[in-house]
Amino acid sequence: MFYTYRQNNSGGVFDFDENGISVYVIVEAESASEADRKGQEIGLYYDGRGDCSCCGNRWSSVADSWYGDSKGDEVPSIYGTPVEQTGDRWPWMGDRPEGFIHYSNGNIDSIRAVGGNFQVETWREVVKAEPKKVYVATSGCYSDYSVEAVFLHKEDAEAYSLADDVLEMILQEGPADVRPNYLATWTKHNGDSDWSYDQLYDGDDTVKATSGKTYLGDPWVRVTGWDKERVLKVLGERKAELLAEMAGVA
């Protein structure tokens, strides 16, 4: 659940901290009391220490709230409405975030006012979300090949009686970026060859190279990557190294 703290500008000013404090502070927690505890770790306080006696406390406990805040929301929300469905035409913080969302895994998102609407953006990523896996139960082959069902748990997919096979796949939660992935090879007798095939881009631009010898003792090199020029450059370098070794130069 997510618990929302709305800062009162006690003394006429709002506190702001790049570690995650602004007008709104939203905390993911299992309960309101846990949210209050996490809020204190962030820098919130609920006893009004040092606050203006006329304006009132800057922060209030959600666990002790009279307004139902202690129930929390399923998604990050402001006054019960999902953040990105709300906004403010006259934001308090100018160019700085109007709020922050603190997730249980340590990640922090910012809430910015853009054209009067609130937008959520990544502020600090401590832990990257693990890719979600699904298990696809299939049957048949060639013309009668079909997907029978998709499961979240491997054991359920394997127990599905209408399927012949189970494939483990990554669930994409947004648009898929598909690009040509390049593969270049070289062997002593066959020379160079390269080709490409469309593949889901994973954001890793590292060129990967492997080399070895065939069962006849002939050297080979295999290089893959998204940048064709870099792939061919690495292939040439590895090939030169192997040829130098064979000639006794290296």
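Against the 2.2 N^0.38 Å scaling, with N counting residues, where does segment 178-246 land? I'd like the Cα-based Rg ratio to two decimal places. If you can, show how the numbers build up before the last one.
Numbers: Rg = 12.6 Å, N = 69, 2.2 N^0.38 = 11.0 Å.
Relative to the rule-of-thumb radius for its length, segment 178-246 sits at 1.15.
Report, in deg cm²/dmol and to the nearest 500, the calculated mean residue ellipticity at 222 nm for the chain, where each DSSP H run with n ≥ 4 adds -39500 (n - 2.57) and the sum is divided by the residue count. Walk me through the numbers before you get to the answer.
On the way: 3 runs with 35 residues, N = 250.
Result for the chain, helices only: -4500 deg cm²/dmol.
Using only Cα atoms, find the angle between the long axis of helix 32-42 and the longest principal axis of the chain, and express it within 0 to 90 degrees, rounded to the nearest 10.
80 degrees
To the nearest 10 degrees, how steeply does helix 228-246 sit against the main Cα axis of the chain, on a 0 to 90 scale?
That works out to roughly 50 degrees.
Using a Förster radius of 51 Å, what is the FRET efficiency between residue 133 and residue 54 based on their Cβ-Cβ separation? Nearest 0.05, please.
0.35
Sequence-distant or interchain residues sharing an amide H contact under 5 Å with residue 87, placed H: which?
Here the answer is 118, since their amide H atoms fall under 5 Å of that of residue 87.
Would you mind computing the Rg to Rh ratio of segment 2-124 from its alpha-carbon coordinates, Kirkwood style for Rh?
Values: Rg = 13.5 Å, Rh = 14.4 Å.
Rg divided by Rh gives 0.93.
Under a Cβ-Cβ limit of 4.7 Å, which cysteines in the chain have nobody to pair with?
Those would be 54, 141, since no other cysteine Cβ in the chain comes under 4.7 Å of theirs.
Could you give the radius of gyration (one decimal) and Dmax (whole number) of the Cα atoms in segment 104-192, in Å?
21.5, 66
Find how many whole Å separate the alpha carbon centroid of segment 88-164 from the alpha carbon centroid of segment 221-250.
39 Å
What number comes out for the charge environment of residue 38, summing +1 per Lys or Arg and -1 per Asp or Glu over other residues with Cβ under 11 Å away? Please list the in-between numbers first.
Values: positive: 37; negative: 28, 30, 34, 36, 41.
Neighbour charge sum, excluding residue 38 itself: -4.
From the convex hull of the Cα coordinates of segment 91-250, what is the mean projected area in square nanometres?
Working: hull surface 70.1 nm².
Over all viewing directions, segment 91-250 projects a mean Cα-hull area of 17.5 nm².
Would you mind computing, in nm to one decimal, how far apart the modelled labels at residue 84 and residue 168 are, each placed 7 Å from Cα along Cα→Cβ?
3.0 nm
Could you pull out every one of the lysines with an alpha carbon less than 17 Å from that of residue 233, ignoring same-chain neighbours closer than 8 positions?
Filter leaves 208.
Fully extended, how many nm does the chain gain between residue 1 and residue 15 (0.36 nm per residue separation, minus their Cα-Cα distance)?
Working: separation 14, 0.36 × 14 = 5.04 nm, distance 2.48 nm.
Computed gain between residue 1 and residue 15 is 2.6 nm.
Where Lys and Arg each count +1 and Asp and Glu each count -1, what net charge lies around residue 235 among other residues with Cβ under 10 Å from its Cβ? Provide the component values of the computation, followed by the final result.
Numbers: positive: 222, 230, 233, 238, 239; negative: 192, 194, 237.
Spelling it out: positives minus negatives among the neighbours equals +2.
Computed on alpha carbon atoms, what radius of gyration and Dmax characterise segment 132-171, expressed in Å?
9.6, 30
Here, each number is a calculation from the coordinates, and none is a lab measurement. No experiment lies behind these values; they were computed from the predicted model shown. For neighbour counting, all protein chains shown are included, and Cβ atoms are generated from backbone atoms with ideal geometry for every residue, glycine included.
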